[in-house]
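Colleague: Let me give you the structure first, and then I'll get to my questions.
The values are calculated or read from the model by the stated rules, or taken from the named source; none is laboratory data. Just so you know, these numbers come straight off a predicted model, no measurement behind them. Calculation scope for accessible area: heavy atoms of the full protein, side chains included, ligands and nucleic acids excluded. Shrake-Rupley method; radii C 1.70, N 1.55, O 1.52, S 1.80 Å.
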Amino acid sequence: MHLAESLPPGDENLIVALGRLGNAYGMQQKFTEAAAAFHQQLALVEKTFGPGSERSVEPLRFLGQLAAWQKNYKEAEDYLQRSLDINLKMSGDNNPRAVESLRAMAGFYEAQSDWPKAETYLQRAVKGAEVSEPQMVLISLWGLCDMYDRSGKPDQSQPCWHRATGILETQFGHDSPRLSDSLNNEAHALRQLGRNDEAESLEERLAKIRRTAQN
C-alpha cells in the first residue's frame, strides 16, 4: 500500500498498483485488505475517468467476487450488476466484455444453486458470444452444459454437449482427443435419459479416439 500511496492521484501507475495489490491480498485470502485496495482503485478510476467508466468494470467485478466469497450475496450482486450494466452500454450482450460479465453473474448464481438465474445469464452469454466472438462461443457454451449437469437436467445437458462436440469437430477434426470430455459428458447424459444404445455408440467412439491417441 505504501507504494500506491507514494504515487500522485490520478496516476495510471497508481490505478494499476492498487489492482495488483488487491489481487495479491485476495490470493492470500486477506479479504478486508483486498476490498480496501479495490475500493480505493474504484474511487480513483471514477474520479479520473468519471462514474460509469469502462475502467470501473474490473474493480467492481473483483469487489463482487470478494463479497461473494464472504457470502455477502446482496453486496456481491450489486457490484456484479453494476459491472454488467457498464458493459451492456457498449452494444448490449453482443460484446466480449458483456459476455464476460454475464458469465460472472451466472457463476454468482451457480454458487448459490440458483439454477434458473444462472441459466438465463449463461444463455445470454452464449448468444452474445455467437455475435461478438463466435470463435470463443465454446467457453460460454461449456459453462452452460456443465451447469445443466450440476443442476440435474440431462435432457438439456445432452443436446448442449452434442453442440459442443460439433464445434470441437470443426476446429480440431472428427477424431481429435480434444473431443473426449464433451463426448464423455454427452454419453453420461444419455445414460441418465435411458438412451443406452446412443450412449454406447459414443463410448465406443471415445474409446477408439483414446486408443488412436496412445499409438
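Colleague: Just the number, please: carbon plus sulfur as a percent of the accessible area of the range 89-194, 1.4 Å probe, no ligands or DNA/RNA counted. Don't skip to the answer; put the middle values down first.
Modeller: Values: 2480 of 5020 Å².
Within the range 89-194, the accessible surface is 49 percent carbon and sulfur.
Colleague: Divide, for the range 113-172, the radius of gyration over alpha carbons by 2.2 N^0.38 Å, where N is the residue count.
Modeller: Numbers: Rg = 11.3 Å, N = 60, 2.2 N^0.38 = 10.4 Å.
It is 1.09.
Colleague: Against the longest principal axis of the chain, how steep is helix 137-150, in degrees 0 to 90 to the nearest 10, with axes from Cα atoms?
Modeller: Long axis of 137-150 versus the principal axis of the chain: about 70 degrees.
Colleague: Next question, about the same structure. So what's the angle, to the nearest 10 degrees on a 0 to 90 scale, between helix 73-91 and the longest Cα principal axis of the chain?
Modeller: On a 0 to 90 degree scale, this one is about 80.
Colleague: Test of understanding: express the Cα radius of gyration of the range 100-205 as a ratio to 2.2 N^0.38 Å, with N the residue count.
Modeller: Working: Rg = 13.9 Å, N = 106, 2.2 N^0.38 = 12.9 Å.
Here the answer is 1.08, to two decimals.
Colleague: Then there's this: What does the C-alpha gyration tensor say about the overall shape of the range 171-215? Classify as rounded when a/c is under 1.5, otherwise prolate if a/b is larger than b/c, or oblate. Don't skip to the answer; put the middle values down first.
Modeller: Details: a/c = 2.85, a/b = 1.91, b/c = 1.49.
In terms of gyration-tensor shape, prolate.
Colleague: Which angle between 0 and 90 degrees, to the nearest 10, do you get for helix 31-49 versus the longest principal axis of the chain when only C-alpha atoms count?
Modeller: 70
Colleague: Rg/Rh for the range 72-119: what does it come to with C-alpha atoms and Rh from Kirkwood?
Modeller: Working: Rg = 10.7 Å, Rh = 10.8 Å.
Over the Cα atoms of the range 72-119, Rg/Rh equals 0.99.
Colleague: Moving on. Within the chain, count lysine pairs with alpha carbon atoms under 19 angstrom apart where the residues are 8 or more positions apart or belong to different chains.
Modeller: The number of close lysine pairs in the chain is 6.
Colleague: Could you tell me how far the Cα centroid of the range 111-168 sits from the Cα centroid of the range 193-208, in Å?
Modeller: Computed from Cα coordinates, the inter-centre distance equals 22 Å.
Colleague: Find the all-direction average of the projected area of the Cα convex hull for the range 1-128, expressing the result in square nanometres with one decimal place. Please list the in-between numbers first.
Modeller: Details: hull surface 30.4 nm².
Mean shadow area of the hull around the Cα atoms is 7.6 nm².
Colleague: Quick one: plug the Kirkwood hydrodynamic radius of the chain (C-alpha pairs) into Stokes-Einstein at 25 °C, 0.890 mPa s, and report D in µm²/s.
Modeller: Details: Rh = 19.3 Å.
Reported coefficient: 127 µm²/s.
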